[in-house]
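The values are calculated or read from the model by the stated rules, or taken from the named source; none is laboratory data. Predicted model only: the values in this text are computed from it and were never measured. Reconstructed Cβ throughout: ideal geometry from the backbone, glycine too, with neighbour counts over all protein chains shown.
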Amino acid sequence: MNDNNVFDQLKAEISKYDRMMLADYFRECSQKGMQVIAGSDICLYEVAAAMGLPYCVMTTVGGAGTQIPGAAERIDLAKDMEFGSKLCTCVRLAMYYLETGQLPVPAALITFNTPCDAVTTLGEMARNYKPWANVPKFVMDASYSKDDEGMKYFARQMKQAVSFLEEATGKKLDKDRLDQVCEEANKQCRLLLDFQELKKAVPCPVTWTWARDGFRLARWMFCGDPWVTDWLERLIAATEQRVKEKKGVDGINEKIRYMVWDPAMVSPTRGDYISNRLAKELGAMNMMDYYSFACWTPIDLSSEDAMYMSFAKRHLNETGMSRQAMDTSFAFAEDVARIARDFKCDAIVMTGHIGHKEQDALHEIVRDHCRKQGMPLLIIGCDIWDERVMSLDVVYDKIRTFFEVSGFLDR
Amino acid sequence: MKSCMESQVFEKLAKIASGIMNPEIEDWKKHGGKVMGYFCPVVPEELIIAAGVLPFRMRATGSTSTSRADVYFTDFNCDFPRHCFNQALLGNYDFLDGIIIPTCCDTIRRLLENWLHAGIKPSFVYQFDHVHASREVMVGRERDQLLKFKKSIEQHFKVEISDQSLQQAISLCNESRRLQQKLYELRKMDSPPITGSETVAVMVASSSMPREQYNKDLRALLDELGAIKSDTKYKARLMIVGSGHDDVFLSGIIEEMGAALVTDNTCYGPRLFVQTVEEGGTDPLLALAKYQVMDTPYCPKMMGAHEKRLQLVLDLARDYRVDGIIGETFLGCDPWGGEVFMLRSELKDAGIPFISYEREFVPSLEGQIKTRVEAFLEMMGKGM
């Protein structure tokens, strides 16, 4: 089997799981009699996996709703509901799915203030959604201080959330099963890091989507599932082979390496379109995005308290967007510059997504930091979930022009 | 509704509310006093007062532009903090000796880093990482955060905040709360002696001047108001719900349209005084923590407390015999956007007419808003 076939095979194995982000999927789970838990965002995935509970992550459902047929109409209907005119479109759609009864009544609801105000608001709305009046609810408060006390504060609440889940669902968490999930998750974490290391090779051996897919599988959809470990191992083997052969992606003559510090390129439809076009037409490789840049500390299983501290750290420090939104602008800028160096990037692109209030407020600090590092930076200012605000071709053109004026197209 | 008040005390308070710097602060500074700016009522003024420092609640009264702040923020950020930051960049807050920026919302939270990055005076900038959910188990965490905050003030200003001084500050602020409650009580009357716009000015002044003087002035004002026999006619009794507007844009429109603004639930309104901080206990920090987390979770960023917020709105609507409510939020304020959405259906269920609109910090679209208020009055059968 040549290596393209291996990558095709790996892609084929996971493409069927895209629908696990859709509202339809969770309704089907519910219709089959499964207990579904809901959360305003991703949290405690290891526990949900160990308890065998499908986890309806409302923001992810909202984001997925912008990528399937009927997105524009759906977004317009959501706008008509007047949740706030400058709200993130992803969260707006999550609210729309909630308020139009398209999410199943969950067995339990967990809400929290990560990563941003919009998601906090979504959580409050879910808590007060009348058809869910009888749903058991639990609210967690994350500290913005990343000190030990702040982590312990959140870890304690996570532990309480598990007791809450047990009571709400009537399912007892099997500690051995949780250990198994965590041990497997740790292996997957290691593999994801190994994969990132391989990606640093010049030329870059793979397109950007693989890290994103690996993250989605390992951290959320199938957290701690051994088949994901196997999938990651095969991905790494195929990538390693390309690195040994000093081979890049077929059909791409790598000339530019850039990173997108935003979840924009996480969106399969839009991100793939722009990244693929930049790669094919300009030889520009998207090296990293901040969903892929996550999950590097193993879960400490030496004690229960240590485990919950690990969960808290993972959630607040090592989950895409939580890290970027909750930490300081200075930490954000440091991350950007360091990762750009590590991945030998020529430039950084920030989409400046209009829904990210906390990121809209740190542009000057990042700009200044990049300027001092001599790293070209482009901040676009688009809605990553609604291409009618700025079309994909305009986004592409802006990035292309940025590369051109930076002198990268002359290489 | 027209004012029937001619009061020198009111004129003084209204002047204080109409700008940033005022004679009270000038006098305080002249006598060597320190002034500490802070955003949002989640920061307990009591701690600042107990340190012998004058608290000044940040606002951007009179600001007309965000041109300098726009280097740091985008149009998608709420423009209230942007206007404040613009004022800071212009040097209009140079009289401050310190500033407290809480983690109350994403845009305000980021002010801290931008403040430091821009090298704006003052050098003492502190982030108050308060609790964001209303649960009894979180009161202890809030107390810990207050203790850190207290130590930081003590260290910077080289003062000791004793339990006794904190108790005194709590009593002082509670006194303001009781007086403000009395002020609002007057608006329950058929013909209130003070208008909504005038009340906004009195409330805004409270966090821009020494508290002892404010209480003295407010007592005097209440005496004057008590003697007024008002027989003002109006079309309807209205209430505003929303974020922290420190101007009289909407109240002015309401009054111009012949209606009375009889109460509100905004960041300068009853949520500041409907509860008092427990006095006389052994742990004043704990009393402040409980007040913030459990008693007054009225900012929609406080999770798990929407029911309490709704109840406050319903209680106010009942007590002040409100005919209709207008929701007013800043563009880009996600927490209030969601809150107003929920209120829309809940107030409908309660049979209370409700409209809402989003606005920029600098009043705009006046004609459009007048039309909406007029239509609202007509919808309630109060148009003529």
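Hey, any hits in the stretch A:105-113 for a residue that's assigned to a loop (DSSP other than H, G, I, E, B), over 17 Å from the mean Cα position of the chain (by Cα), more than 14 Å from chain B (Cβ to nearest Cβ) and surrounded by 24 or more Cβ atoms within 10 Å (Cβ to Cβ)? Yes - at least one qualifying residue is present in the stretch A:105-113. When the test is whether a residue is surrounded by fewer than 24 Cβ atoms within 10 Å (Cβ to Cβ) and among the acidic types (Asp, Glu), B:Asp79 does not pass it.
Selection of the stretch B:47-75 for residues being in contact with a strand residue (DSSP E or B) (Cβ under 9 Å, 6 or more places away or on another chain) and charged (D, E, K, R) yields only B:Arg57.
Of the helices (runs of 4 or more DSSP H) lying entirely inside the stretch A:173-274, the ones with 1 or more residues being aliphatic (A, V, I, L, M), modelled with pLDDT of 95 or more and surrounded by 18 or more Cβ atoms within 10 Å (Cβ to Cβ) are found at A:175-199, A:226-244. Scanning the stretch A:367-385 for residues being within 12 Å of chain B (Cβ to nearest Cβ) and within 19 Å of the chain's Cα centre (by Cα) gives a total of 2. Exactly one residue out of A:Glu358, A:Glu364 is free of Cβ contacts under 8 Å to residues at least 12 places away in the same chain and within 9 Å of chain B (Cβ to nearest Cβ), and it is A:Glu364. Going through (1) modelled with pLDDT of 95 or more; (2) within 14 Å of chain A (Cβ to nearest Cβ); (3) over 19 Å from the mean Cα position of the chain (by Cα) one by one, B:Cys84 falls short only on (3). Put simply, of B:Val204, B:Val131 the only residue that is crowded, with 23+ Cβ neighbours inside 10 Å, β-branched (Val, Ile, Thr) and closer than 23 Å to B:Pro284 by Cβ is B:Val131.
One residue stands out among those in the stretch B:302-354 that are part of a helix (DSSP H, G or I) and of a type in the set (Phe, Trp, Tyr): the one that is nearest to the chain's Cα centre (by Cα), which is B:Trp336.
Could you list, in sequence order, all residues of the stretch B:353-378 that are under 23 Å from A:Phe83 (Cβ atoms) and loosely packed, with under 15 Cβ neighbours inside 10 Å? Selection gives B:Ser364, B:Leu365, B:Gln368, B:Ala375.
Annotation: of all residues in the stretch A:81-95 being within 11 Å of another protein chain (Cβ to nearest Cβ) and under 23 Å from the mean Cα position of the chain (by Cα), the one that is surrounded by the fewest Cβ atoms within 10 Å (Cβ to Cβ) is A:Lys86. Taken over the stretch B:102-135, the criterion of being among the hydrophobic types (A, V, I, L, M, F, W, C), within 11 Å of chain A (Cβ to nearest Cβ) and part of a strand (DSSP E or B) is satisfied by B:Phe128, B:Ala133. Number of residues in the stretch A:1-47 that are within 18 Å of the chain's Cα centre (by Cα), farther than 28 Å from A:Met158 by Cβ and not charged (D, E, K, R): the value is 2. Determine which member of the set A:Ser30, A:Ser15 is in contact (Cβ under 8 Å) with a residue 12 or more places away in the chain and hydroxyl-bearing (Ser, Thr, Tyr). It is A:Ser30.
Mind checking which pairs have a first residue in the stretch B:315-342 that is within 23 Å of A:Ala133 (Cβ to Cβ) and at the interface with another protein chain (Cβ under 7 Å from one of its Cβ atoms) and a second that is surrounded by fewer than 22 Cβ atoms within 10 Å (Cβ to Cβ) and polar (S, T, N, Q), Cβ under 7 Å, 6 or more apart or different chains? Pairs found: B:Met342/A:Asn128. Against the criterion of being surrounded by fewer than 22 Cβ atoms within 10 Å (Cβ to Cβ) and either more than 7 Å from chain B (Cβ to nearest Cβ) or not β-branched (Val, Ile, Thr) (or both), A:Asp148 qualifies.
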